[in-house]
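Trainee: My structure is below; once you've seen it, I'll send some questions.
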Amino acid sequence: EALTALMTLYEKTQNRACLELARRVFDYYTKLYERTRKKASFTPWQSRAYTMVFLATKEKKYADFVLKMNDRLLEYQHGLDVEYVDRIGSYFSAGASFSAGVMIESVIEAYRVAKALKDKKRMKTYRESILLGNRFLIQCQYRPENMFTARNRERALGGVRTSIYESSVRIDAVQHTACALQKTLDHVFK
């Protein structure tokens, strides 16, 4: 998140020191990615920052890193062949909405990189992943027609359940869902 903050500051101020710091630590993060067992958890935070670095510098090594991480991330998403159709678009065995939201945000960053590179094959693959993920997130949202598990219907309306099996509403599920949906509108449907 610190790298994303630095790059956001760079976008607002054009202070080269912010950009240069993100560039300077790049080798550290690429090596850390290779060492970590939790690659999927690592990916969203690096994708946003290094998409921003790539868009600022046009240096392909940053694009390659974002694409590599997200290509691997797609392996964790449940596709149309999943046993239970309610899980289509979710990630991992738990199928949690907060995980799906943050992973979709990451894939959107990869979509932005693929679009900048005019990589039509990846754009198509990422777009399909994003739409499946959004389908899952919207399915987890409390709407008037699916409020039967909500304890307090007025307070739950619009919230995002932890999963299709867990009725509690977590703030990170709501936040990541809102961000994923907004970023989809901003980057995939423009």
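The values are calculated or read from the model by the stated rules, or taken from the named source; none is laboratory data. Nothing here was measured: the structure is a model prediction, and the numbers come from that model. Surface areas here come from the heavy atoms of the whole protein model, side chains and all, with no ligands, DNA or RNA. Shrake-Rupley method; radii C 1.70, N 1.55, O 1.52, S 1.80 Å.
Trainee: Pick from Tyr91, Tyr76, Tyr111: which is most flexible by mean-square fluctuation in a GNM of the chain where alpha carbon atoms under 10 Å apart are linked?
Mentor: Maximum fluctuation in the GNM of the chain, among the listed residues, is at Tyr76.
Trainee: Express the accessible area of segment 1-130 per residue in Å², computed with a 1.4 Å probe while the remaining protein chains stay in the model.
Mentor: Heavy-atom accessible area per residue stands at 52 Å².
Trainee: What does the accessible area of Glu128 come to, in Å² to the nearest 10, when a probe of 1.4 Å is used?
Mentor: The accessible area comes out at roughly 90 Å².
Trainee: Then there is this: What is the ratio of the Cα radius of gyration of the chain to 2.2 N^0.38 Å, where N is its residue count, to two decimals?
Mentor: That works out to 1.07 for the chain.
Trainee: Next up: So how much accessible area does Phe98 have, in Å² to the nearest 10, using a 1.4 Å probe?
Mentor: Here the residue's solvent-accessible area equals roughly 50 Å².
Trainee: Follow-up question, since we're still on this one. Please identify the DSSP H helices in the chain that span no less than 27 Å along the helix axis (Cα) and have a mean Kyte-Doolittle hydropathy of -0.5 or more.
Mentor: Once both thresholds are applied, what remains is 97-117.
Trainee: Moving on. If you roll a 1.4 Å probe over segment 97-190 with all protein chains in place, what percent of the accessible area is carbon or sulfur?
Mentor: Reported share for carbon and sulfur atoms: 56 percent.
Trainee: Accessible area, 1.4 Å probe, largest first: how do Arg112, Arg135 sort? Walk me through the numbers on the way to the answer.
Mentor: On the way: Arg112 50, Arg135 90 Å².
From most accessible down to least: Arg135, Arg112.
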